[in-house]
Amino acid sequence: MLPGVAYFLLFHYGALVGNVIAFKEYVPFDGLWGSPWVGFGNFRRMAEDGAFWDAVLNTLWIAVLQLVFYFPVPLGLALLLHTLTWSTVRRFVQSVAYLPHFISWVIVVALFQQVLGDTGLLNSGLSGAGLHTVDIIGDPDAFKPLVVAQVIWKDAGWGTIIFLAALAQVDEQQYEAAAIDGAGPWRRFWHVTLPAIRPVVVLLLIMRLGDILSVGFEQMLLQRDAVGPQAAEVIDTFVYHQGIVGGDYGFAAAAGLFKGLVGALLVYAANKVAHRLGEQGVYR
């Protein structure tokens, strides 16, 4: 366990000390402790910055869309895979579904641009047919549904792994008993499958809520210039441009700390709700 414990102590818990720069006007040449203390000055600037709240609003919109449209897809796909009786077919479908997860976002975005961009395959076909062309990649109004579709295409297959493991633990005799009692496929799903995997669904939902403000830094950064910051700026890219690009490290750290605190509060609240509903949640 020592290598794993050392990793978390050094790169996770140890790195928390760096959050002190959110309360400083951090200057790299003066160091972490030599930079002047400004208290909550960076947080006041953050609260008065319209660009920051635009990034928060974009992040929340994308997070809600991902939660509503992406989160159920791995569960549905896992249920479909679980019903396949031919193991060869199931392994083939699983392999095809897992593959996009291992493709970098640079390649994924490039693929979508080649298909849906201004000069992509879609517009080439529309132009050849004499129809009006559409630039989906460069349309700010289509950006949020587009990034959700990209996440579904890339990670839905990978997300089925935990659900398939949970489904594998369901006793087949329960399905047989339900079928003998006259329960159809929907009844068996509602009264056998869903109660069996509900703790896993609740656990993953709580973990997703804790990470809800992380909607994909690399994915957003690669497409930000195509649609503009008004549509594509999220908290992670805001922190990057303020801190790494702009050199305002204290202000960027304050924005990042805000994001972390919101995530922690969401995990705590969702866990309490899970306990009231009779589920174990992340912790007791």
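The values are calculated or read from the model by the stated rules, or taken from the named source; none is laboratory data. Given the structure is predicted, the values throughout are model-derived calculations rather than measurements. Please note: Cβ atoms are built from the backbone with ideal geometry, for glycine as well, and neighbour counts cover all protein chains shown. Just the protein is used for accessible areas: all its heavy atoms, side chains included, with ligands, DNA and RNA removed. Shrake-Rupley method; radii C 1.70, N 1.55, O 1.52, S 1.80 Å.
Determine, for each peptide in 97-109, 252-264, the mean count of other beta carbons within 10 angstrom over its residues, then list the peptides with the highest first.
Numbers: 97-109: 14.3, 252-264: 19.2.
The densest-packed peptide leads the list: 252-264, 97-109.
Using the alpha-carbon centroid of each, what span in Å lies between the stretch 89-131 and the stretch 1-20? About 38 Å separates the Cα centre of the stretch 89-131 from the one of the stretch 1-20.
Around G157, with a cut-off of 13 angstrom between Cβ atoms, what is the net charge of the other residues, counting Lys and Arg +1 and Asp and Glu -1? Overall, the nearby charge balance is +2. Phi-derived couplings, Karplus 6.51 cos²θ - 1.76 cosθ + 1.60 at θ = phi - 60°, listed residue by residue for the stretch 188-204: 5, 5, 6, 9, 10, 5, 4, x, 6, 9, 4, x, 5, 4, 5, 4, 5 Hz, with x used for Gly and Pro. For the chain, the share of accessible area belonging to carbon and sulfur comes to 67 percent (1.4 Å probe, ligands and nucleic acids excluded). FRET efficiency for the pair W186 and W153, taken as 1/(1 + (r/R0)^6) with r the Cβ-Cβ distance and R0 = 35 Å, rounds to 0.80. Against the chain, whose longest principal axis is taken from its Cα atoms, helix 105-116 shows a tilt of about 70°.
Full extension of the chain between Q280 and L32 yields a length gain of 85.2 nm, computed as 0.36 nm times the residue separation minus the alpha carbon distance.
Sequence-ordered 3J(HN,Hα) estimates for the stretch 249-261 from the Karplus curve with 6.51, -1.76 and 1.60 and θ = phi - 60° stand at 5, x, 5, 5, 5, 5, 5, x, 5, 4, 4, x, 5 Hz, glycine and proline given as x. Close amide H partners of K24, meaning residues 5 or more places away or on another chain with modelled amide H under 5 Å apart, are V38. In terms of its C-alpha gyration tensor, the stretch 19-170 has an oblate overall shape, because the principal axis ratio a/c (a ≥ b ≥ c, square roots of the eigenvalues) is not below 1.5 and a/b does not outweigh b/c. How many angstrom separate the Cα center of the stretch 258-284 from the Cα center of the stretch 192-210? Here the answer is 13 Å between Cα centres. Since only F92, G18, S127 are under comparison, the one whose Cα sits farthest along the positive direction of the charge dipole of the chain, derived from C-beta charges on Lys, Arg, Asp and Glu, is F92.
Taking Cα atoms only, the orientation of helix 72-83 departs from the longest principal axis of the chain by about 30 degrees.
Under the rule a/c < 1.5 gives rounded, and otherwise a/b versus b/c splits prolate from oblate, where does the stretch 156-284 land using the Cα gyration tensor? Display every interim value, and only then the final one.
Values: a/c = 4.13, a/b = 2.30, b/c = 1.80.
Judged from the Cα gyration tensor, the stretch 156-284 comes out prolate (a/c at least 1.5, a/b above b/c).
For E172 and M1, the FRET efficiency from 1/(1 + (r/R0)^6), where r spans their Cβ atoms and R0 equals 35 Å, is about 0.45.
The magnitude of the dipole of the chain, with charges of +1 and -1 set on the Cβ of Lys/Arg and Asp/Glu and taken from the Cα centre, is near 820 debye.
Here each label is just a point 7 Å from Cα along the line to Cβ, and for D141 and L261 those points are 3.8 nm apart. Which shape class, rounded, prolate or oblate, goes with the stretch 41-277 when its Cα gyration tensor gives a ≥ b ≥ c as root eigenvalues, a/c under 1.5 marks rounded, and past that a/b bigger than b/c marks prolate? Because a/c hits 1.5 or more and a/b fails to exceed b/c, the stretch 41-277 counts as oblate. Computed from Cα atoms, the angle from the helix 50-65 axis to the main principal axis of the chain rounds to 10 degrees.
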